[in-house]
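The values are calculated or read from the model by the stated rules, or taken from the named source; none is laboratory data. None of the values given here were measured: they were computed from a predicted structure. With ideal geometry, Cβ positions are generated from the backbone for all residues, glycine too; neighbour counts draw on all protein chains shown. Heads up: the accessible areas ignore ligands, DNA and RNA and are worked out on the full protein's heavy atoms, side chains in. Shrake-Rupley method; radii C 1.70, N 1.55, O 1.52, S 1.80 Å.
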Amino acid sequence: METYLVYVDAANNSNKFWSAKVEDNKVTVQWGRVGYNAQTKVHSLTSQQQANYKYHNLISEKKAKGYQESQPQMDSTCSVADIRRALQLLNSLRSFVANHNFNSSYIQTLNDYLKIVPIPLGMQIDPYRVYQTVGDVDHQVQLLNSLLPSHAVVVGQNSEIQAVEVQTVSLKSISKNFWRNI
(Lines give C-alpha, C1' and ligand atoms only; values in the text may rest on other atoms or scores of the structure.)
Protein backbone atom coordinates (compact mmCIF):
# COMPACT_ATOMS: atom_id res chain seq x y z
CA MET A 1 0.00 0.00 0.00
CA GLU A 2 1.22 3.46 -0.84
CA THR A 3 -0.31 6.94 -0.61
CA TYR A 4 0.92 10.35 -1.80
CA LEU A 5 -0.69 13.49 -0.37
CA VAL A 6 -0.11 17.19 -0.99
CA TYR A 7 -0.93 20.36 0.89
CA VAL A 8 -0.95 23.51 -1.22
CA ASP A 9 -1.62 27.09 -0.13
CA ALA A 10 0.38 29.28 -2.49
CA ALA A 11 -0.64 32.50 -0.75
CA ASN A 12 0.86 31.22 2.52
CA ASN A 13 4.00 29.66 0.99
CA SER A 14 2.87 26.02 1.41
CA ASN A 15 3.65 23.45 -1.27
CA LYS A 16 4.24 20.26 0.72
CA PHE A 17 3.98 16.55 0.11
CA TRP A 18 3.62 13.59 2.44
CA SER A 19 3.78 9.94 1.45
CA ALA A 20 3.52 6.63 3.24
CA LYS A 21 3.88 3.01 2.26
CA VAL A 22 3.56 -0.30 4.03
CA GLU A 23 6.09 -3.07 3.52
CA ASP A 24 5.61 -6.11 5.76
CA ASN A 25 5.54 -4.76 9.32
CA LYS A 26 7.06 -1.35 8.47
CA VAL A 27 5.49 1.96 7.54
CA THR A 28 7.84 4.31 5.70
CA VAL A 29 6.82 7.97 5.76
CA GLN A 30 8.40 10.72 3.66
CA TRP A 31 7.59 14.43 3.71
CA GLY A 32 8.90 17.81 2.61
CA ARG A 33 8.48 20.56 0.01
CA VAL A 34 7.51 19.44 -3.47
CA GLY A 35 10.64 18.99 -5.56
CA TYR A 36 13.08 18.92 -2.64
CA ASN A 37 14.78 16.09 -0.77
CA ALA A 38 12.38 14.32 1.54
CA GLN A 39 12.76 13.57 5.20
CA THR A 40 12.11 9.92 6.00
CA LYS A 41 10.91 8.06 9.05
CA VAL A 42 10.38 4.30 9.32
CA HIS A 43 7.91 2.94 11.86
CA SER A 44 8.78 -0.69 12.70
CA LEU A 45 5.81 -2.51 14.19
CA THR A 46 5.29 -6.06 15.42
CA SER A 47 2.90 -7.21 12.67
CA GLN A 48 1.57 -6.39 9.21
CA GLN A 49 -1.84 -5.71 10.80
CA GLN A 50 -0.36 -3.09 13.14
CA ALA A 51 1.51 -1.55 10.20
CA ASN A 52 -1.74 -1.28 8.21
CA TYR A 53 -3.49 0.30 11.20
CA LYS A 54 -0.66 2.83 11.68
CA TYR A 55 -0.66 3.61 7.95
CA HIS A 56 -4.40 4.37 7.88
CA ASN A 57 -4.18 6.43 11.08
CA LEU A 58 -1.35 8.56 9.69
CA ILE A 59 -3.29 9.18 6.46
CA SER A 60 -6.39 10.18 8.43
CA GLU A 61 -4.34 12.64 10.50
CA LYS A 62 -2.88 14.29 7.38
CA LYS A 63 -6.23 14.50 5.60
CA ALA A 64 -7.72 16.12 8.70
CA LYS A 65 -5.03 18.81 8.35
CA GLY A 66 -6.06 19.52 4.73
CA TYR A 67 -3.77 17.22 2.75
CA GLN A 68 -5.30 15.73 -0.40
CA GLU A 69 -4.46 12.69 -2.49
CA SER A 70 -2.32 13.34 -5.54
CA GLN A 71 0.53 11.68 -7.41
CA PRO A 72 4.26 12.33 -7.10
CA GLN A 73 4.55 13.29 -10.76
CA MET A 74 2.36 13.94 -13.76
CA ASP A 75 3.18 11.47 -16.52
CA SER A 76 1.44 9.10 -18.94
CA THR A 77 0.49 6.76 -16.06
CA CYS A 78 -1.85 9.40 -14.58
CA SER A 79 -5.56 9.14 -15.21
CA VAL A 80 -6.98 10.90 -18.24
CA ALA A 81 -9.52 12.50 -15.90
CA ASP A 82 -6.72 14.10 -13.83
CA ILE A 83 -4.97 15.37 -16.95
CA ARG A 84 -8.21 16.80 -18.35
CA ARG A 85 -9.03 18.46 -15.00
CA ALA A 86 -5.53 19.97 -14.92
CA LEU A 87 -6.05 21.29 -18.46
CA GLN A 88 -9.37 22.88 -17.44
CA LEU A 89 -7.67 24.60 -14.52
CA LEU A 90 -4.86 25.81 -16.78
CA ASN A 91 -7.41 27.32 -19.15
CA SER A 92 -8.88 29.22 -16.21
CA LEU A 93 -5.39 30.30 -15.12
CA ARG A 94 -4.70 31.44 -18.68
CA SER A 95 -7.52 33.98 -18.58
CA PHE A 96 -6.38 35.28 -15.18
CA VAL A 97 -2.83 35.70 -16.52
CA ALA A 98 -4.02 37.28 -19.79
CA ASN A 99 -6.01 39.86 -17.85
CA HIS A 100 -3.40 40.30 -15.11
CA ASN A 101 -6.19 39.47 -12.68
CA PHE A 102 -4.41 37.80 -9.75
CA ASN A 103 -7.30 37.87 -7.28
CA SER A 104 -8.38 35.25 -4.74
CA SER A 105 -10.06 33.19 -7.49
CA TYR A 106 -6.70 33.00 -9.28
CA ILE A 107 -5.02 31.83 -6.07
CA GLN A 108 -7.69 29.15 -5.50
CA THR A 109 -7.42 27.94 -9.10
CA LEU A 110 -3.62 27.83 -8.81
CA ASN A 111 -3.90 25.84 -5.56
CA ASP A 112 -6.33 23.39 -7.19
CA TYR A 113 -3.96 22.96 -10.14
CA LEU A 114 -0.93 22.37 -7.91
CA LYS A 115 -2.86 19.69 -6.01
CA ILE A 116 -3.17 17.72 -9.26
CA VAL A 117 0.22 18.61 -10.77
CA PRO A 118 2.83 18.89 -7.99
CA ILE A 119 5.39 21.45 -9.16
CA PRO A 120 8.56 22.52 -7.36
CA LEU A 121 8.15 26.26 -6.83
CA GLY A 122 11.11 26.93 -4.57
CA MET A 123 11.32 27.86 -0.92
CA GLN A 124 9.54 31.21 -1.28
CA ILE A 125 6.41 30.97 -3.44
CA ASP A 126 5.24 34.09 -5.17
CA PRO A 127 1.87 32.97 -6.57
CA TYR A 128 1.70 36.04 -8.77
CA ARG A 129 4.86 35.01 -10.61
CA VAL A 130 4.23 31.28 -11.13
CA TYR A 131 2.75 32.07 -14.56
CA GLN A 132 3.96 35.44 -15.78
CA THR A 133 2.77 35.22 -19.37
CA VAL A 134 0.10 33.46 -21.38
CA GLY A 135 3.00 31.73 -23.16
CA ASP A 136 4.03 30.11 -19.86
CA VAL A 137 0.53 28.69 -19.45
CA ASP A 138 0.32 27.63 -23.10
CA HIS A 139 3.60 25.73 -22.78
CA GLN A 140 2.22 23.89 -19.74
CA VAL A 141 -0.96 23.08 -21.70
CA GLN A 142 1.15 21.66 -24.52
CA LEU A 143 3.05 19.44 -22.09
CA LEU A 144 -0.14 18.13 -20.50
CA ASN A 145 -1.74 17.53 -23.91
CA SER A 146 1.25 15.35 -24.79
CA LEU A 147 0.28 13.06 -21.91
CA LEU A 148 -3.20 12.36 -23.26
CA PRO A 149 -3.51 9.08 -25.12
CA SER A 150 -3.70 9.38 -28.86
CA HIS A 151 -5.38 6.81 -31.01
CA ALA A 152 -3.41 7.35 -34.19
CA VAL A 153 -3.88 4.73 -36.89
CA VAL A 154 -1.76 4.34 -40.00
CA VAL A 155 -3.05 2.45 -43.03
CA GLY A 156 -0.24 0.66 -44.90
CA GLN A 157 0.00 0.06 -48.63
CA ASN A 158 -1.52 -3.39 -48.29
CA SER A 159 -4.56 -1.86 -46.52
CA GLU A 160 -3.64 -3.35 -43.16
CA ILE A 161 -4.37 -1.17 -40.16
CA GLN A 162 -1.38 -0.62 -37.92
CA ALA A 163 -1.52 1.07 -34.54
CA VAL A 164 1.14 3.67 -33.89
CA GLU A 165 2.38 4.17 -30.36
CA VAL A 166 2.63 7.84 -29.50
CA GLN A 167 5.51 8.99 -27.30
CA THR A 168 4.66 11.06 -24.25
CA VAL A 169 6.73 13.42 -22.18
CA SER A 170 7.04 13.21 -18.40
CA LEU A 171 6.77 16.56 -16.66
CA LYS A 172 9.30 15.21 -14.15
CA SER A 173 12.01 15.44 -16.82
CA ILE A 174 11.63 19.22 -16.98
CA SER A 175 14.07 21.31 -14.99
CA LYS A 176 12.87 22.81 -11.71
CA ASN A 177 13.87 26.19 -13.08
CA PHE A 178 11.16 26.01 -15.77
CA TRP A 179 8.49 26.22 -13.07
CA ARG A 180 10.01 29.09 -11.14
CA ASN A 181 9.96 31.80 -13.83
CA ILE A 182 11.45 34.13 -11.24
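Stretch residue 129-residue 102 to full length: gain in nm at 0.36 nm per residue minus the Cα-Cα span? Working shown, then result.
Details: separation 27, 0.36 × 27 = 9.72 nm, distance 0.97 nm.
Fully extending the segment from residue 129 to residue 102 adds 8.7 nm.
Report the percentage of all Cα-Cα pairs in region 78-149 whose separation exceeds 19 Å, rounded to a whole percent. Write out the running numbers ahead of the final one.
Details: 733 of 2556 pairs.
That fraction is 29 percent.
Would you work out what percent of the accessible area of region 77-143, with all protein chains in place, is carbon or sulfur (probe 1.4 Å)? Don't jump to the answer; show the numbers that get you there.
On the way: 1470 of 3100 Å².
With neighbouring chains kept in place, the figure for region 77-143 is 47 percent.
Using the basic label-point model (7 angstrom from Cα toward the beta carbon), what is the residue 11 to residue 43 distance in nanometres?
3.3
Write down the accessible area per residue of region 91-143 in Å², having rolled a 1.4 Å probe over the full set of protein chains. It would help to have the intermediate numbers written out before the result.
Numbers: 2360 Å² over 53 residues.
Result: 45 Å² per residue.
Provide the solvent-accessible area of residue 65, counting protein heavy atoms only and rolling a 1.4 Å probe, rounded to the nearest 10 Å².
130
Counting other Cβ atoms within 10 Å, which chymotrypsin sites (Phe, Trp or Tyr not before Pro) in region 4-42 have at most 14 and lie in a DSSP loop? Could the numbers behind the result be given before it?
Numbers: sites: 4, 7, 17, 18, 31, 36; in loops: 36.
Within region 4-42, the qualifying chymotrypsin sites (Phe, Trp or Tyr not before Pro) (loop, at most 14 other Cβ atoms within 10 Å) are 36.
Aspartates and glutamates within cross-link reach of residue 54: Cα-Cα under 16 Å, excluding same-chain residues under 8 positions apart?
Residue 54 reaches 2, 23, 24.
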